[in-house]
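Undergrad: One structure follows; several queries about it will come next.
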Amino acid sequence: MSTNRPGFEDGAVEQGGFVSPQTFDAAARGRLGGPGLRTFLNIAALWQLSERERLLALGSPARSTYHNWVSKARTGRGLSLPLDTLLRLSAMLGIHKDLRILFGDPQRGVQWLRSANQASLFGGQRPIDLIVSGSQMGIIDVRRFLDGWRGGISAGPVDDEIEDQAWNDGDILIVDG
């Protein structure tokens, strides 16, 4: 089954609910590459990712390829990134958004990323370790975890004083929409 949805403009089609290489043709990838990578660079700076961690998060492109991408993105030249890289960027943007929603203060979100977490997904690892594991699934798993937490699904216990605070009725805000 094919569906045309917002975000899949210019004839891009999602097949059977899955993203395929045909979903984003070269023109679409060219439109998304520069802005996506520039945003990634800002997030990577906030998260204090080393060059090695940035390369792993992006799927391990060669250093020269990475620096070529960065140069093109910063100067506004055309940049058509591989679909795998765009999917990684999308998941990282989602993580950044979720952290902003959950913690408000960007530094608190970074602190959470860099703190050991006892939730079953992390098993005592820091969430940032999954993000920079080199695996696209590691990034997506962190994104799904945060999406679930943001949606009201328990995040499980963490070894972090950010999570040690008690919540009360005054912390809940109901907005009629």
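Undergrad: Given axes a ≥ b ≥ c from the Cα gyration tensor, I'd like to know whether the stretch 2-150 is rounded (a/c under 1.5), prolate (a/b larger than b/c) or oblate.
TA: The shape class here is oblate.
Undergrad: Which loop trypsin sites (Lys or Arg not before Pro) in the stretch 44-141, with loop taken from DSSP, have no more than 12 other Cβ atoms within 10 angstrom of their Cβ? Before the final figure, lay out each step's value.
TA: On the way: sites: Arg52, Arg54, Arg63, Lys72, Arg74, Arg77, Arg88, Lys97, Arg100, Arg108, Arg114; in loops: Arg77, Arg114.
Qualifying residues, ordered by number: Arg77.
Undergrad: Net charge near Leu49: determine it from the other residues with C-beta under 14 Å of the C-beta of Leu49, scoring Lys and Arg +1 and Asp and Glu -1.
TA: Taking every Cβ under 14 Å from that of Leu49, the sum is +2.
Undergrad: Net charge around Asp147, counting only other residues with Cβ within less than 11 Å of its Cβ (Lys, Arg = +1; Asp, Glu = -1)? Present the calculation step by step, with values, prior to reporting the outcome.
TA: Working: positive: Lys97, Arg143, Arg144, Arg150; negative: Asp98, Asp141.
Taking every Cβ under 11 Å from that of Asp147, the sum is +2.
Undergrad: When only Cα pairs under 8 Å and 6 or more residues apart are kept, what is the percent relative contact order across the stretch 2-150?
TA: 23
Undergrad: Summing Lys, Arg as +1 and Asp, Glu as -1, what charge do residues with Cβ under 15 Å from the Cβ of Ser60 carry, Ser60 excluded?
TA: Local net charge: +1.
Undergrad: Near the amide H of Leu81, under 5 Å away, which other amide H atoms are found, from residues 5 or more places off or on another chain, if H is placed in the peptide plane?
TA: HN-HN under 5 Å from Leu81: Gly33.
Coordinate-derived values only; no laboratory data. Keep in mind that this is a model prediction, so the values were computed, not measured. We place every Cβ from the backbone using ideal geometry, glycine too, and count neighbours over all the protein chains shown.
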